[in-house]
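The values are calculated or read from the model by the stated rules, or taken from the named source; none is laboratory data. Predicted model, so just to flag it, every value in this text is computed and none were measured. Glycine also receives a Cβ, built like all others from the backbone with ideal geometry; neighbour counts cover every protein chain displayed. Keep in mind that these areas ignore ligands, DNA and RNA; they rest on the heavy atoms of the full protein, side chains included. Shrake-Rupley method; radii C 1.70, N 1.55, O 1.52, S 1.80 Å.
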Amino acid sequence: MSDCDERRRRLLTVGMAGAAVLLVPGCGGSGNDPAPVDGGGPAEAGEDDATDEGGDGAGEGGGCGETCAAGSKTLELTFAKYPQLKNVGGSVNTSASGYKDPSCGLALIVVAQPTAGKYVAFSAGCPHQCCTVAYNKSRTEFMCPCHGSTFNTSGQVVVGPATKGLQQLSVCADDCGVTVTLP
């Protein structure tokens, strides 16, 4: 499938989902939909786009109630491909094709669900010396394995030697997965 065909398919999928929300009673405005969590973020979606062959991200179970907008500057992490993100404390480190974080120039991001329904995403390059940070579920923070810097779930430095926080990326979560908007 060409890049152009893939974009057309996504546009139609998002358009049909939007129409369904308007036409089906009880869909889209229930108040139980997860709210987007603002952040900051980088890169164009690439190989790590987490879409399954059916295109809905729901795997074998059918549709998933997609509400996050996808586009050329987003990275979609479906629960079908990244089931650990469904769980509180779950996290994923992945590359974001076309993204370069401002401190290290790395294309790596880390996405986590620190508390129920709250998703966060950051550049995974530690601003101290560019080692890759990871989410520590038991401590509810992001940690750098090289020199021990830690960052809270807002990306701010808790323990140095890092003096700058992690670049935060904008996040939206729905029944399908997590969509990260890249700058």
Out of all the residues in segment 53-74, is one or more open to solvent by less than 30 Å² (accessible area, probe 1.4 Å), at pLDDT 90 or above and part of a strand (DSSP E or B)?
no
Can you say whether Ser154 is open to solvent by 10 Å² or more (accessible area, probe 1.4 Å), over 12 Å from the mean Cα position of the chain (by Cα) and either β-branched (Val, Ile, Thr) or within 23 Å of Val88 (Cβ to Cβ) (or both), as far as the supplied structure shows?
yes
Does segment 113-130 hold any residues that are surrounded by 15 or more Cβ atoms within 10 Å (Cβ to Cβ), under 17 Å from the mean Cα position of the chain (by Cα) and over 17 Å from Thr94 (Cβ atoms), and which are they?
Pro114, Lys118
What residue, of Val133, Val171, is within 13 Å of the chain's Cα centre (by Cα) and buried (at least 18 other Cβ atoms within 10 Å of the Cβ)?
Val171
